[in-house]
Amino acid sequence: MRGGGVFLKIRGIAQLITEAASEQQAANIVTLDVRKVCPFADYFIICNGDTDRHIKAIWQSINETMKNNGIVPHHSEGTPDSGWMLTDFGSVIVHIFSPEERDYYQLDKLWEKAVPIIRIQ
């Protein structure tokens, strides 16, 4: 699943998600290559939304962008009012946090051995 053209497709999915989050003004976007440290995904995308509505808008934009490209999520969790939403696109997993929840869970630190591909402040 990670060889040749499929790898490029997976990285392309990560890029599309990062762009969709950026277009919705997500803050502190990080795309991590976790292939060497994580058995269940190739990329993590972690970002912040300022409010419940902002978190939901980022999540909707990402899901709409992926749907428009023929990619549907395997699984979603969380709610905007919880301060955390996750969408699992298989090899690419997206975490959208409120700033407080991101500080609490510290996924960036948990996966510090992953390779940062993109970092948008």
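The values are calculated or read from the model by the stated rules, or taken from the named source; none is laboratory data. All values reported here derive from a predicted model rather than from experimental measurement. No Cβ is skipped: glycine too gets one built from the backbone with ideal geometry, and neighbour counts run over all protein chains shown.
Observations on the model:
- Search result, residues across the range 86-121 that are among the acidic types (Asp, Glu), closer than 23 Å to PRO39 by Cβ and free of Cβ contacts under 8 Å to residues at least 60 places away in the same chain: ASP88, GLU112
- Residue within the range 21-44 that is of a type in the set (Val, Ile, Thr), at pLDDT 95 or above and within 11 Å of VAL92 (Cα to Cα) present: yes
- Consider the range 42-56 and keep the residues that are surrounded by fewer than 18 Cβ atoms within 10 Å (Cβ to Cβ) and either among the basic types (Lys, Arg) or under 13 Å from the mean Cα position of the chain (by Cα) (or both). The one that is nearest to ASP108 (Cα to Cα) is LYS56.
- All positions within the range 23-35 that are crowded, with 16+ Cβ neighbours inside 10 Å and not in a strand (DSSP E or B): GLN24, ALA26, VAL34, ARG35
- When the range 36-85 is filtered for residues that are without any contact (Cβ under 8 Å) to a residue 40 or more places away in the chain and part of a strand (DSSP E or B), the ones remaining, listed by number, are HIS75, SER76, GLU77, GLY78, THR79, TRP84, MET85.
- Any hit, the range 100-119, residues being touching a helix residue (DSSP H, G or I) at 6+ places or on another chain (Cβ under 7 Å) and at pLDDT 95 or above: no
- Among (1) closer than 24 Å to LYS9 by Cβ; (2) of a type in the set (Phe, Trp, Tyr); (3) in contact with an Asp or Glu (Cβ under 8 Å, 6 or more places away or on another chain), the one test that PHE89 misses: (3)
- Residue match in the range 68-80 (condition: in contact with a Lys or Arg (Cβ under 6 Å, 6 or more places away or on another chain) and more than 24 Å from PRO116 (Cα to Cα)): yes
- Extreme residue, farthest from TYR43 (Cα to Cα), among residues of the range 80-92 that are modelled with pLDDT of 95 or more and out of contact with any helix residue (DSSP H, G or I) (no Cβ under 7 Å at 6 or more places or on another chain): SER82
- Residues that are surrounded by fewer than 18 Cβ atoms within 10 Å (Cβ to Cβ) and β-branched (Val, Ile, Thr), drawn from the range 72-101: VAL72, THR79
- Meets criteria (under 14 Å from THR18 (Cβ atoms) and more than 12 Å from the chain's Cα centre (by Cα)) for THR65: yes
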